[in-house]
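The values are calculated or read from the model by the stated rules, or taken from the named source; none is laboratory data. These numbers come from a predicted model, not from an experiment. Here the Cβ positions follow ideal geometry from the backbone for every residue, glycine too, while neighbour counts run over all protein chains shown.
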Amino acid sequence: MSECGFDLTAYRQVLGCFATGVAVVTTIDKHGEKAGITISSFNTVSLDPPLVLWSIAKDSLTYEIFAVAEYFAVNVLAKHQQSICDRFAASGSDKFDGLDCSEGIEGVPLLPDFAASFECRTEHRYVGGDHLIVVGRVLKFEDRKTDPLIFYRGRFLT
């Protein structure tokens, strides 16, 4: 049980009833090294100005990098990119090894074959429980008109 009195396993299962797209957020750290993490917590905030948000767990190995990143990209994965999702969800190793990334705004890596991308400048950061909520101003976007990878009830839809 959590401090709110919920069974957290049951709560997580109920949250899984909401189908989500899957994305990888990428940035570069203060040393110019690429960093990336798989997320499903992506949402629009505003059309005018163009704002999006995503969140990262405070215990994530890349938390410190994203907590100070000025620029980032949200790479919405295409339905055939489950292996990319798994790669960026795993801990350790060079997640970018063998990937033919292009360079976005301020050198932020863009993954190959994404369904859509949003290149952003960090606008706000908010603490939200055990996560940091990052709001970004969209500076550039691309839609490749392909079907996205969808996650629902703990599995990928095909």
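Some observations on this one:
- Residue check, Val108 under 22 Å from Phe151 (Cβ atoms), surrounded by 16 or more Cβ atoms within 10 Å (Cβ to Cβ) and modelled with pLDDT of 95 or more: no
- Residues located in region 1-56, provided they are in a loop (DSSP other than H, G, I, E, B), out of contact with any His (no Cβ under 9 Å at 6 or more places or on another chain) and surrounded by 12 or more Cβ atoms within 10 Å (Cβ to Cβ): Phe6, Gly16, Val22, Asp29, Ser40, Phe42, Pro50
- Condition check for Thr122: closer than 15 Å to Val45 by Cβ and not basic (Lys, Arg): yes
- Qualifying residue in region 112-133 (condition: over 15 Å from the mean Cα position of the chain (by Cα) and surrounded by 20 or more Cβ atoms within 10 Å (Cβ to Cβ)): no
- Residue within region 89-103 that is touching a Cys at 6+ places or on another chain (Cβ under 8 Å) and in contact (Cβ under 8 Å) with a residue 12 or more places away in the chain present: no
- Summed over region 137-156, residues that are of a type outside the set (Asp, Glu) and over 22 Å from Phe18 (Cβ atoms) total 8.
- Total residues in region 1-32, condition closer than 21 Å to Asn43 by Cβ and in contact with a strand residue (DSSP E or B) (Cβ under 9 Å, 6 or more places away or on another chain): 12
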